[in-house]
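Computed from the coordinates by the stated procedures, all read-outs in this text should not be read as laboratory data. Predicted model, so just to flag it, every value in this text is computed and none were measured. Cβ placement follows ideal geometry from the backbone for every residue including glycine, while neighbour counts extend to all protein chains displayed.
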Amino acid sequence: MIHESYYWKQSLLRSANKLQRMRVNKSNEEYALVKAEREIFLGFYSIRKLLDTFKLSPQTRKIKFRLSWSPCVGFVDYFNWHRIEELFDLEVVHEEERDIIFVCNQFIHSFIFIHVFSEDRALAGVYVSSDRDRTKRVYFISIEQILEAFRLVGKDYPKQRFMRRKKDGQWEEYTPSTAELAASKRALDELDELSSSTAKSKPCF
């Protein structure tokens with residue numbers, strides 16, 4: 001469990017800024033590659049842990065990404081995983097919609113991770129595939145999608161949440177009905193009114 005999500009979310013925002021500003025040249029190539037790798041891996045691990053808590057809104061939990069992928073045409077192993085041009089048909093590109101948990105798991109369990117850079121040497125995205133998917137396909141996840149995920153989670157501070165117990169006794173978050181929202185608003189208004197009345201009637205010494 002995560003005790004206080006603020007520090008995790010702030011770290012995500014800092015990582016997004018670093019990745020967006022990153023430029024690679026001959027003098028810093030190795031350091032920049034490791035830095036990008038570290039920021040992305042730890043960032044998606046942080047998001048996955050935050051998704052396991054009730055510290056993100058239902059809207060963020062439900063976000064989906066349109067991912068591009070290419071089929072595997074070779075045998076991927078520990079020593080050749082970086083040869084994606086040989087192992088995958090990158091000329092064939094399919095698309096599918098996946099939720100944010102799936103995206104996190106691709107990075108957390110990645111067997112393939114290859115940086116892609118633009119002409120101005122900025123990070124354009126990564127090819128990634130988990131240990132489970134490596135024999136089927138490799139995904140391309142753009143830097144825009146990575147930044148969107150980091151910043152969406154990093155700025156998400158739910159104002160209220162609705163919880164209920166499931167049949168197994170565990171708690172779950174759910175989206176309330178219009179009637180439940182109205183009842184909640186009335187209860188909060190009554191509590192505010194009671195607090196205000198109490199403050200006014202408090203004797204001064």
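Before moving on, here are some points about what is shown:
- Rounded to whole numbers, the Karplus 3J(HN,Hα) couplings from phi for the range 58-74 are x, 5, 5, 4, 8, 4, 10, 10, 8, 9, 9, 8, 10, x, 7, 10, x Hz, using 6.51 cos²θ - 1.76 cosθ + 1.60 with θ = phi - 60°, and x at Gly and Pro.
- Rel. contact order, % - alpha carbon contacts under 8 angstrom, at least six apart, the range 13-115: 29 percent
- The range 139-185 shape via C-alpha gyration tensor axes, a/c threshold 1.5: prolate
- Rounded, prolate or oblate (a/c below 1.5 giving rounded, otherwise prolate when a/b exceeds b/c) for the range 1-100 by Cα gyration tensor: oblate
- Highest mean packing first, where packing is the average number of other Cβ atoms within 10 Å per residue, the peptides 152-164, 178-190, 21-33, 95-107 line up as 95-107, 152-164, 21-33, 178-190.
- Whichever aspartates and glutamates have a C-alpha closer than 20 Å to that of Lys167, once near sequence neighbours (fewer than 8 apart) are set aside: Asp52
- Relative packing of 64-75, 133-144, which averages over residues the other C-beta atoms within 10 Å, highest first: 133-144, 64-75
- Counted residue by residue at 0.36 nm each, then reduced by the alpha carbon distance between them, the extension gain from Ala182 to Val93 reaches 27.3 nm.
- Cross-link partners for Lys155 among the aspartates and glutamates, with Cα-Cα distance under 15 Å and sequence neighbours closer than 8 places in the same chain left out: Glu4.
- Peptide ranges 42-52, 116-126 listed from the most packed, as the mean C-beta count within 10 angstrom indicates: 42-52, 116-126
- Gyration tensor (alpha-carbon) shape descriptor, the range 84-168, a/c threshold 1.5: oblate
- Euclidean distance between Cα centres, the range 100-179 to the range 59-91, Å: 16 Å
- Debye log10 I(q)/I(0) at q = 0.09, 0.17 Å⁻¹ for the chain, Cα point scatterers: -0.48, -1.18
- Across Lys18/Lys55; Lys35/Lys159; Lys55/Lys166; Lys62/Lys185; Lys35/Lys64, pairs whose alpha-carbon gap is larger than 29 Å: Lys35/Lys159
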